[in-house]
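Heads up: the structure comes next, in structure tokens.
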Amino acid sequence: MIVDDESRIRLALRACLEAEGYDVTEAADGEEGLHAVAECCPDLIIVDLAMPRKNGYEMIEELRAQHLDDMPKVVVLTAYHSAFSPSGSSRIGAAALLEKPLLPDLLRQTVRNLLEHEKADLRAGSA
């Protein structure tokens, strides 16, 4: 799932991920993102921090408060890297931090690594 208020960013991220075979859902802000998570249960959410209505921080906080049995991996996407450090991303429960403008190869690698790590955890738990 991609949650970003900029439609051109969502389009670019979606095209990159769909080319890799991922099913992608979009939301234009944190409020829409929360509703979409409840409906489609994504494995991973890429969320921008600076959005109207409900920003990325608020969305992540509400997701954490819901204590979901299958909490999606969260990747923070921000244009304000200097104001948000990798340690800050882990404090809010994000698995990774990506900075805009985003290189497609970095996006693909980050998503692949997080989802493959999750599959490895599932295999280890079922053995």
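The values are calculated or read from the model by the stated rules, or taken from the named source; none is laboratory data. None of the values given here were measured: they were computed from a predicted structure. Because the Cβ atoms are built from the backbone with ideal geometry, glycine has one as well, and the counts that use them run over all protein chains shown.
Restricting to region 86-112, give me the number of residues that are within 16 Å of Asn55 (Cα to Cα), at pLDDT 80 or above and among the small types (Gly, Ala, Ser). Residues flagged as within 16 Å of Asn55 (Cα to Cα), at pLDDT 80 or above and among the small types (Gly, Ala, Ser) within region 86-112 amount to 1. For region 17-41, taking the residues that are of a type in the set (Asp, Glu) and assigned to a helix (DSSP H, G or I), the one that is surrounded by the fewest Cβ atoms within 10 Å (Cβ to Cβ) is identified as Glu39.
When Leu13 is tested against (1) within 12 Å of the chain's Cα centre (by Cα); (2) part of a loop (DSSP other than H, G, I, E, B), only condition (2) is not met. Select from region 43-73 the residues that are without any contact (Cβ under 8 Å) to a residue 12 or more places away in the chain and part of a helix (DSSP H, G or I) and list them in ascending order. Once the filter is applied, which keeps residues that are without any contact (Cβ under 8 Å) to a residue 12 or more places away in the chain and part of a helix (DSSP H, G or I), region 43-73 yields only Ala65.
If only one of Ala36, Ala19, Ala15 is touching a residue at least 24 places away in the same chain (Cβ under 8 Å) and small (Gly, Ala, Ser), which one is it? One residue alone meets the criteria, Ala36. Would you mind stating whether Val76 is at pLDDT below 95, part of a strand (DSSP E or B) and within 18 Å of Asp29 (Cβ to Cβ)? Judged against the criteria, Val76 is a match.
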